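Reading through the structure tokens given below for one structure.
Every number in this text was worked out from the coordinates using simple rules, so none of it is lab data. Quantities reported herein were computed from a predicted structural model and do not represent experimental measurements. No Cβ is skipped: glycine too gets one built from the backbone with ideal geometry, and neighbour counts run over all protein chains shown.
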Amino acid sequence: AVALGMPEIPVRRRKSRQVQVGSVPVGGDAPVSVQSMTTTVTADVNATLQQIAELTAAGCEIVRVAVPSSDDAEALPEIAKKSAIPVIADIHFQPRYVFAAIDAGCAAVRVNPGNIRKFDDKVAEIARAAGDARVPIRIGVNAGSLDKRLLEKHGKATPEALVESALWECSLFEEHGFTDLKISVKHHDPLVMIDAYRLLARRCEYPLHLGVTEAGPRFQGTVKSSVAFGVLLAEGIGDTIRVSLSAPPVEEVKVGAQILESLGLRPRRLEIVSCPSCGRAQVDVYRLAERVTAAFEGFPVPLRVAVMGCVVNGPGEAREADLGVSSGNGKGQIFVKGEVVRTVPESQIVETLLEEALRRWPPE
Ligand code: SF4
């Protein structure tokens, strides 16, 4: 029998190397991790730590902070020390901030050596410092900031251009014997992004950080990221994910966690199987589903709870659920594994479901 919360058909993951981002392994057989990025000014240490704490509480496993100024770089030691989850410093052009981030105890750095090489060839020094400190580096290629040379060669940010850019950036570190890398090739168009990651997955063994860049506001961004990540993760591609939304980062984490749960890449916690309602419904299914969701929020045992609008099809349609209710005639038929065990007045449905859940799946 399949354990509660675990998938019946597990995803077969692509074989990637593993890097260690602080306490969180990424790649290899490590679970796919969820990450996000703070929106505070990094130099505002209290605000940044507060946001990191909120993200951690929401299930974020790795957090990235932007380091555009020396004030931000100076804030890194305290942030890295006090954050409960590994902190990645996101640096664009200034090699000195990379050294500062490594010295500060950041768990990883995101930097593109191509940017740094243009100004000053510090790549060898970064490779040495990161190697000595065992700090991995993410090469983050974005469609919007693709190298000019590649843009001219490919005409636009095609999957081939993104992958060529990423592998070239990797080679700048590989020349110095540094291979503790992970890669992202982000694009705002899910189809281009999917192709780019598929290509990259075939061409290297580095762990991959999935992202759809500039995915948009909450609704659109959630759908775009879910579609793109869903395709790739179901094919086993992707070792850590970041959902980008024009919304508070806690929302990104919730969406990321839900994507992983949907694919069985994280144990499912609560899954509400509610019917869409139809002309046969004898109860306000939307409201009942919301009340059941609220009542079961944080329930410590993974459960699939069905909320069905009528007794005609209810238990049959929801046979796969652990427990549930079908409503009709002002009453609720409470069922467990498809068998009706009790019938209660509508006003007692939610409490009865909880009671049955606690009795049959007592928290340890
Ligand atoms: Fe309609 Fe009943 Fe099915 Fe809900 S369970 S969609 S109310 S038939």
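Mind telling me which of Ala161, Ala108, Ala318 comes out most flexible in a GNM of the chain, alpha-carbon contacts under 10 Å?
Between Ala161, Ala108, Ala318, it is Ala318 that shows the largest mean-square fluctuation.
Quick one: Cα centre-to-centre distance for the range 301-364 and the range 171-185, in angstrom?
Centre-to-centre (Cα) distance: 53 Å.
Direction-averaged shadow area of the convex hull around the Cα atoms of the range 308-351, nm²? Mind dumping the intermediate values first?
Numbers: hull surface 10.4 nm².
Averaged projected hull area, Cα only: 2.6 nm².
Please report the Cα spread of the chain along all three principal axes, rounded to whole Å, starting with the longest.
76, 43, 36
Karplus couplings for the range 305-315 from phi (6.51 cos²θ - 1.76 cosθ + 1.60, θ = phi - 60°), rounded to Hz, Gly and Pro as x?
10, 9, 10, 10, x, 8, 7, 5, 10, x, x
Have a look at the range 15-159 and give its Rg and Dmax from the Cα atoms, expressed in angstrom.
Both quantities, over Cα of the range 15-159: 15.7, 45 Å.
Over every pair of different alpha-carbon atoms in the range 290-364, take the mean of 1/r and invert it; report that Kirkwood radius in Å.
Mean inverse Cα-Cα distance, inverted, gives 12.1 Å.
Based on a Kirkwood Rh over C-alpha pairs, give the Stokes-Einstein translational diffusion coefficient of the range 209-364 at 20 °C and viscosity 1.002 mPa s in µm²/s. Mind showing how you got there, number by number?
On the way: Rh = 16.9 Å.
The diffusion coefficient I find is 126 µm²/s.
Grab the DSSP H runs of the chain that are 4 residues or longer, score each as -39,500 (n - 2.57), total them, divide by all residues and round the 222 nm result to the nearest 500 deg cm²/dmol. Don't skip to the answer; put the middle values down first.
Working: 13 runs with 150 residues, N = 364.
So the helix-based figure for the chain works out to -12500 deg cm²/dmol.
Sort the range 66-149 into rounded, prolate or oblate with this rule: let a ≥ b ≥ c be the square roots of the eigenvalues of the Cα gyration tensor; rounded if a/c is under 1.5, and if a/c is not under 1.5, prolate when a/b is larger than b/c, oblate otherwise. Walk me through the numbers on the way to the answer.
Working: a/c = 1.80, a/b = 1.54, b/c = 1.17.
Because a/c hits 1.5 or more and a/b exceeds b/c, the range 66-149 counts as prolate.
How long, wide and thick is the range 135-252, going by the Cα atoms along their three principal axes, in whole angstroms, largest first?
Rounded to whole Å, the extents work out to 42, 33, 26 Å.
If N is the number of residues in the range 208-247, what value comes out of its Cα radius of gyration divided by 2.2 N^0.38 Å?
Numbers: Rg = 9.7 Å, N = 40, 2.2 N^0.38 = 8.9 Å.
Here the answer is 1.08, to two decimals.
For the range 191-298, what's the radius of gyration and Dmax over Cα atoms, in angstrom?
Looking at the range 191-298, its Cα Rg and Dmax stand at 16.7, 56 Å.
Roughly what % of DSSP beta bridges within the chain run antiparallel, to the nearest 5? Write down the numbers at each step before the final one.
Details: 15 of 50 bridges.
If I count the DSSP bridges inside the chain, around 30 percent turn out antiparallel.
Can you pull out the trypsin sites (Lys or Arg not before Pro) in the range 244-341 whose DSSP state is coil and whose Cβ has at most 14 other Cβ atoms within 10 Å?
Numbers: sites: Lys254, Arg268, Arg269, Arg280, Arg287, Arg291, Arg304, Arg319, Lys331, Lys337; in loops: Arg268, Arg269, Arg280, Arg319, Lys337.
For trypsin sites (Lys or Arg not before Pro) across the range 244-341 that sit outside H, G, I, E and B with at most 14 neighbouring Cβ atoms in 10 Å, the list reads Arg280, Arg319, Lys337.
Normalised by the number of residues in the range 318-363, what is the relative contact order in percent for Cα pairs under 8 Å and 6+ residues apart? Mind dumping the intermediate values first?
Numbers: 62 pairs, mean separation 13.4, N = 46.
Computed over the range 318-363, the figure is 29 percent.
Treating the angle as unsigned and between 0 and 90°, give the value, to the nearest 10°, between the Cα long axis of helix 218-234 and the longest Cα principal axis of the chain.
Here the helix axis deviates by roughly 80 degrees.
To test your reading of the geometry: what angle, between 0 and 90 degrees and rounded to tens, separates the Cα axis of helix 159-174 from the longest principal axis of the chain?
Roughly 60 degrees between the two axes.
Suppose a student asked you for the relative contact order of the range 16-70, using Cα pairs under 8 Å spaced at least 6 residues apart; what percent would you report?
Over the range 16-70, the number comes to 34 percent.
Relative contact order of the chain: what whole-number percent is it, with Cα pairs under 8 angstrom and at least 6 residues apart?
On the way: 756 pairs, mean separation 52.9, N = 364.
This gives 15 percent for the chain.
On a 0 to 90 degree scale, rounded to 10, what angle separates helix 45-57 from the longest Cα axis of the chain?
The angle comes out at about 40 degrees.
If the reach is capped at under 17 angstrom between alpha carbons, list the lysines near Lys15, excluding any in the same chain fewer than eight residues apart.
Lys182
Per-residue counts of other Cβ atoms within 10 Å, averaged by peptide: what ranking do you get for 43-50, 92-99, highest first?
Working: 43-50: 16.8, 92-99: 18.8.
Per-residue Cβ counts within 10 Å, averaged per peptide and sorted highest first, yield 92-99, 43-50.
Run the reach check for Lys82 against lysines, Cα to Cα strictly under 24 Å, same-chain hits fewer than 8 apart removed. What comes back?
Result set, ordered by chain and number: Lys254.
If r is the Cβ-Cβ distance from Ala47 to Phe93 and R0 is 25 Å, what FRET efficiency results, to the nearest 0.05? List each step's numbers first, then the result.
Numbers: r = 25 Å, r/R0 = 0.98.
So, using R0 = 25 Å, E works out to roughly 0.55.
Mind sorting Tyr286, Tyr206 by how few other Cβ atoms lie within 10 Å of their own Cβ, fewest first?
Details: Tyr286 14, Tyr206 24.
By the 10 Å Cβ count, ascending: Tyr286, Tyr206.
Find how much the distance from Arg17 to Glu125 grows on full extension, using 0.36 nm per residue of separation minus their present alpha carbon separation; answer in nm with one decimal.
Details: separation 108, 0.36 × 108 = 38.88 nm, distance 2.34 nm.
Here the segment from Arg17 to Glu125 would lengthen by 36.5 nm.
If the label point is 7 Å along Cα→Cβ of Lys148, which residues in the range 83-124 have backbone nitrogen under 20 Å from it?
92-95, 112-122
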